[in-house]
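Enquirer: Structure below; questions to follow.
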Amino acid sequence: MCARLEPGIERVLVLDRASVHTSQRFDEARAQWLDKGLQVKYRPSYTPELNLIELLWQAIKYRWLRFWAYESFQALREALEEILLGIGTQYCITFA
């Protein structure tokens, strides 16, 4: 469900600099959004700590994924599936 951009209400969308977010088509839409009160801001380059998925993949790769998972594609797939299904119960990231 998409929220309507109501005039007079300012909103800010923070994005990375992926090519889809910097394309000509996106810039054209961005001009229309700005007229409706939506500002688009970009994160600085090389700031993976600001992207939550990067923190998750770091935990998977360096803390939770066991060395034996790299023995085969099937082993890797099964290990990743187990981890992803267990996020929030068996596997948690604590921000302290």
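The values are calculated or read from the model by the stated rules, or taken from the named source; none is laboratory data. Since we're looking at a predicted model, the values are computed, not measured. Every residue, glycine among them, receives a Cβ derived from its backbone with ideal geometry; neighbour counts consider all protein chains shown.
Enquirer: State the number of residues belonging to the range 73-96 that are loosely packed, with under 12 Cβ neighbours inside 10 Å and farther than 12 Å from Leu56 by Cα.
Expert: Looking only at that region, the number is 8.
Enquirer: Might you check whether a residue that is within 20 Å of the chain's Cα centre (by Cα), surrounded by 11 or more Cβ atoms within 10 Å (Cβ to Cβ) and of a type in the set (Asp, Glu) occurs anywhere in the range 35-57?
Expert: Within the range 35-57, one or more residues are within 20 Å of the chain's Cα centre (by Cα), surrounded by 11 or more Cβ atoms within 10 Å (Cβ to Cβ) and of a type in the set (Asp, Glu).
Enquirer: Something else: If you go through the range 24-41 one residue at a time, do you hit one that is over 30 Å from Gly8 (Cα atoms), at pLDDT 85 or above and hydrophobic (A, V, I, L, M, F, W, C)? Spell out the reasoning first.
Expert: Within the range 24-41, the subset over 30 Å from Gly8 (Cα atoms) is none.
There is no residue in the range 24-41 that is over 30 Å from Gly8 (Cα atoms), at pLDDT 85 or above and hydrophobic (A, V, I, L, M, F, W, C).
Enquirer: Filter the range 46-96 down to residues that are hydrophobic (A, V, I, L, M, F, W, C) and part of a loop (DSSP other than H, G, I, E, B) and give me whichever is modelled with the lowest pLDDT.
Expert: This residue is Ala96.
Enquirer: Among the residues in the range 30-44, are any assigned to a helix (DSSP H, G or I), out of contact with any helix residue (DSSP H, G or I) (no Cβ under 9 Å at 6 or more places or on another chain) and aliphatic (A, V, I, L, M)?
Expert: Yes; the residues of the range 30-44 include at least one that is assigned to a helix (DSSP H, G or I), out of contact with any helix residue (DSSP H, G or I) (no Cβ under 9 Å at 6 or more places or on another chain) and aliphatic (A, V, I, L, M).
Enquirer: Does Val20 count as in a helix (DSSP H, G or I) and without any contact (Cβ under 8 Å) to a residue 40 or more places away in the chain?
Expert: yes
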